Amino acid sequence: DKMKNIRNFCIIAHIDHGKSTLADRLLEKTQTVTQREMQSQLLDNMDLERERGITIKSHAIQMNYKYNNEEFTLNLIDTPGHVDFSYEVSRSIAACEGALLVVDASQGIEAQTISNLYLAMEQDLEIIPVMNKIDLPHARPEEVADEIMDMIGCDREDIIEASAKAGIGIENILEAIVERIPSPEGDPEKPLQALIFDSVYNPFRGVEVYFRVINGEIKKGDLVQFVNTGKTYNADEIGVLRLTQEPRKSISAGNVGYLISGIKEAKEVKVGDTITHKDNPCKDIIQGFEDVKPMVFAGIYPVDTTEFEELRASMEKLQLNDASLVWEPETSAALGFGFRCGFLGMLHLEIVQERLEREFDMTVITTAPSVEYHAYLKKDEEKVIVNAPSDLPDPNFLDRIEEPYIKANIITKADYVGPVIGLCMEKRGELMNQVYLTTDRVELIFEIPLSEIVFDFFDKLKTISKGYASLDYELIGFRASKLVKLDILLNNEAVDAFSAVVHRDKAYDRGKKVCEKLRAVISRQQFEIPIQAAIGTKIIARETIKALRKNVIAKCYGGDISRKRKLLEKQKKGKKRMRQVGKVEVTQEAFMSVLQVD
Ligand code: GTP
C-alpha cells in the first residue's frame, strides 16, 4: 500500500506567527534542504511577498522523513495567509488530511486563524496544535493553551510547544505529523481524479499546476482534461517539488505533484478544478469548485496619457500570472483612457498597483475603490451590475439598489469591545453575536456592508484596539440599501473619478468632508477653484480654493526657461502622480484622499 506512508498537511497560522520559519525548520530537519541552500525564507520566493511578509502564492513541498525505521513522504501544502485569498486557502486545506495549527505563544488565536481552522475542521482534518515562540520572554503559554483547548477541544498534552526560531520542538512536530495525521484514502485503480489547489505562473515553462491525486494515477504524457474549464492538455511533465522540481513518471492516489503542459495564461487554470483523463474520465468532479469573483473595483489610469498602450500591455502581462485580476478598458472624462479593474480585496489592489510600478515601470493613478452594486430598474425589475459609480442608472428609473453584505468576525480584548462595537455601528454594522473565548478575549460577529469595510476599516480597527484586534470576513449576499450617487465638481465640472455610491444618510457628511479634504490637498492655482458636492443637481457642500497672487507665480516659475525645463525633467523623473483635470492639477494624494474621509 503506497499510501500508507504518505502524510499531506498544511500550516494554519496568523500572519507573523511563524509559519514560514517553521516550514524552513521542517525542511532542514528532514534534510530536504541543507542550511547552506536555505535562504532566509524559502517558501516566500517572490520579492514582493518577502517584503510584505505575506505568503501570497502557495506551493507544495515534499519531504522524506524516517520514523521507526520507516520512510515517510510528507507533503507540506502552503496556504496563503490573507483574507483576500480565502478561497485558495480552502482548496489547499481540501488537499490535506491534517493541519498544523500554529499559534504565537504571546499573541493567542486571531480571527483569520479561526476561520481557516473552521475550514479545516469542516473538512475533517486532524489538527495538530503548535504553540510557537515559546522562547519569547513575554510568552503566555498557559493562557494561550487554554484558548487552543477551548477552540479545538484537545488536551493540554496534545499541544506541542515549539520555537521555530530556536529550533525547539521540531522533532516532536514531525513525529506528530506521522503519528496523528491519517494516511490518505483513495483508490489508485479508479479513473483519475485530482484536485487543483494552486498554480504558479512561470514565464518560461508556462503555468505550473499543483494538484493532489484523490483517485487513480497520472502519468507523464497522459492526455488530461480540466473538468470545469473543459480544456484538454498533454501532461508534458509531472513531478514533485522538493528544493527544485523533480520530474516523475507517474503520481498516484494520495500524493501531491505539479503538472506542466505549456499553459500560457494563469486564468486557464482554476483553483478547485478537477483533473481527469480525457479517455477515461472520473464520474464525479471534486466538490467545492468556485469561480472566484472580484469584490473590489477601481479604475487604473496612466499618469501620462500617452502611456495607455504601454499600460495595456503591462496589464495583459500581469493577468498572465494573476488569475484573479480582471479588467476592461474604461474612459473617464477626467482621466482619459484607462482600465476598470476587479480585485479580490484591498491588498490585492495594492499588490497590482505596486507590481505595475515595480515590474513594468508604470506610473498609475488608482481611483477610489468601490464594490459591486446591483441596481434594479422599475421596468421589469431589470438588474444592472454597477462596478463604477458612472454605471448607476438615472435614479428616476430605479426601483432599488442592493449592496454586498459580509459577515465579519472580529477578535479583540475585552477592554476594546466598546470601541469596536462603536466603530461597527458607525459603519452601518449590526452586532449578531458576542462570545468570550477567554475572560479577556472576545469574538464579535457583525453583519456589515462590504463597502464600509474595504477602505480604512482595518486601519481604524487596529487603531482603536491598539493593535489587539483581528478581522476576517465572508460575503453573505446582497441587500437593498438607501444608496445615492455623490458627485464632486471641481471648477464646476463633475469629476467622474471622484464620484462615489454612498448611503443617503451619510452623503451630506461625506460630501462636506471630501470638499474640505480636496481644498486642503489641491494646491492653489492661478484662478479660483470652487469644489462642490452634489446629489443629482442638488449641491450639498461647497469649498473654494483661492487664486494665487500673480507675483508669487512669477517667482516660482521665473523667466529662466532652462531652469523651468530642468524642473519639469526632475518632475518627470520622480514621476509625480499628477493629472490635469480640466484646468486643475490634481495629485494622486488628492484622489486617494477622497477615500480617507470619515
Ligand atoms: P507570514 O509569512 O507573514 O504569514 O508570516 P509567518 O507566519 O510565515 O511568520 P514568519 O515565519 O515570517 O515569522 C514572523 C516573525 O516571527 C519573524 O520575524 C520570525 O523571525 C519570528 N519568529 C518565528 N518563529 C519564532 C519563534 O519561535 N520565536 C521567536 N522569538 N520568533 C519567531
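Based on the Cβ-Cβ distance from GLU328 to THR463, what FRET efficiency comes out when R0 is 51 Å, to the nearest 0.05? Let's see the in-between values first.
On the way: r = 36 Å, r/R0 = 0.71.
Efficiency, from the Cβ-Cβ distance: 0.90.
Determine the calculated [θ] at 222 nm for the chain from helices alone, applying -39500 (n - 2.57) to every DSSP H run no shorter than 4 residues and normalising by the residue count; nearest 500 deg cm²/dmol.
-8000 deg cm²/dmol
Size of the dipole of the chain about the Cα centre, Lys and Arg at +1 and Asp and Glu at -1 on the beta carbon, nothing else charged, in debye to 20?
3260 debye
In nm, to one decimal, how far is the modelled label at ASP150 from the one at GLU357, with both set 7 Å along Cα→Cβ?
According to this spin-label approximation, the distance is 4.2 nm.
With r as the distance between the Cβ atoms of ILE385 and TYR118 and R0 = 25 Å, compute the FRET efficiency 1/(1 + (r/R0)^6) and round to 0.05.
0.20
With N set to the residue count of segment 174-305, report its C-alpha Rg divided by 2.2 N^0.38 Å to two decimal places.
Taking the Cα Rg and dividing by 2.2 N^0.38 Å, one obtains 1.20.
Once the convex hull of the alpha carbons of segment 101-238 is built, what does its volume come to per residue, in cubic angstrom?
Spelled out: Cα convex hull of segment 101-238, divided by residues, is 172 Å³.
log10 I(q)/I(0), Debye, Cα-only segment 363-480, no solvent, q = 0.16, 0.17, 0.18 Å⁻¹?
-0.79, -0.85, -0.90
Tell me which trypsin sites (Lys or Arg not before Pro) from segment 228-309 have a DSSP coil assignment and no more than 13 other beta carbons within 10 Å of their own.
Filter output for segment 228-309: LYS249, LYS264, LYS278, LYS283.
What does the charge add up to near ALA95, with Lys and Arg as +1, Asp and Glu as -1, over the other residues with Cβ less than 10 Å from its Cβ?
0
Determine the gain in length on full extension of the stretch ALA480-THR537; use 0.36 nm per residue of separation and subtract their C-alpha separation, reporting nm with one decimal.
Working: separation 57, 0.36 × 57 = 20.52 nm, distance 2.39 nm.
Roughly 18.1 nm would be gained on extension.
Taking a probe of 1.4 Å, how large is the accessible area per residue of the chain, in Å²? Working shown, then result.
On the way: 27270 Å² over 598 residues.
Heavy-atom accessible area per residue stands at 46 Å².
Give me the percent of accessible area attributable to carbon and sulfur for segment 398-448, probe 1.4 angstrom.
Ligands and nucleic acids excluded, carbon and sulfur reach 49 percent.
Please work out, to two decimal places, the log10 of the ratio I(q)/I(0) at q = 0.12, 0.22 Å⁻¹ from a Debye calculation in which every Cα of segment 450-547 carries one identical scatterer.
So the normalised log intensities are -0.52, -1.08.
Treating the angle as unsigned and between 0 and 90°, give the value, to the nearest 10°, between the Cα long axis of helix 346-360 and the longest Cα principal axis of the chain.
Roughly 80 degrees between the two axes.
Using DSSP to define loop residues, name the GluC sites (Glu not before Pro) in segment 327-422 whose beta-carbon has at most 12 other beta-carbon atoms within 10 Å.
GLU382
Residue-wise, which Karplus ³J(HN,Hα) couplings in Hz belong to segment 210-216, taking 6.51 cos²θ - 1.76 cosθ + 1.60, θ = phi - 60°, and x for glycine or proline?
Values, residue by residue: 9, 9, 10, 7, 8, 10, x Hz.
How long are the semi-axes of the equivalent ellipsoid of the chain, taking √(5λ) for every eigenvalue λ of the Cα gyration tensor, in whole Å from largest down?
Values: eigenvalues 436, 161, 123 Å².
One finds semi-axes of 47, 28, 25 Å for the chain.
Rank ASN234, ALA375, ALA408 by how far each Cα sits towards the positive end of the charge dipole of the chain (+1 on Lys, Arg Cβ; -1 on Asp, Glu Cβ) and give me just the farthest.
Checked the options; the winner is ALA375.
Let me check I've understood the local charge: for PRO393, count other residues with C-beta under 12 angstrom from its C-beta, Lys and Arg +1, Asp and Glu -1. What total comes out?
+1
For the chain, which span is the longest to avoid every loop-located (per DSSP) member of chymotrypsin sites (Phe, Trp or Tyr not before Pro) having at most 14 other Cβ atoms inside 10 Å?
After excluding every exposed loop site, the longest remaining stretch is 205-526.
Please grab the % of Cα pairs in segment 177-247 that end up more than 19 Å from each other.
Here the long-distance tail beyond 19 Å is 42 percent of all Cα pairs in segment 177-247.
Using R₀ = 22 Å, calculate the FRET efficiency as 1/(1 + (r/R₀)^6) where r is the Cβ-Cβ separation of ASN280 and ASP1; round to 0.05. Walk me through the numbers on the way to the answer.
On the way: r = 23 Å, r/R0 = 1.04.
Efficiency computed from Cβ-Cβ geometry: 0.45.
Using only Cα atoms, tell me the angle between helix 561-573 and the longest principal axis of the chain; keep it within 0 to 90° and round to the nearest 10.
With rounding to tens, the tilt is 30 degrees.
State the three equivalent ellipsoid semi-axes of segment 278-410, derived from the C-alpha gyration tensor as the square roots of 5 times its eigenvalues, in descending order and whole Å.
27, 26, 15
Please state the equivalent ellipsoid semi-axes for segment 337-425: what are the square roots of 5 times the Cα gyration tensor eigenvalues, largest first, in whole Å?
Semi-axis lengths for segment 337-425 are 29, 27, 10 Å.
The values are calculated or read from the model by the stated rules, or taken from the named source; none is laboratory data. Here the structure is a predicted model, which means the values were calculated and not measured. Here Cβ is always computed from backbone atoms with ideal geometry, including for glycine, and neighbour counts include all displayed protein chains. We work out accessible area using only protein heavy atoms, side chains counted, and drop any ligands, DNA or RNA first. Shrake-Rupley method; radii C 1.70, N 1.55, O 1.52, S 1.80 Å.
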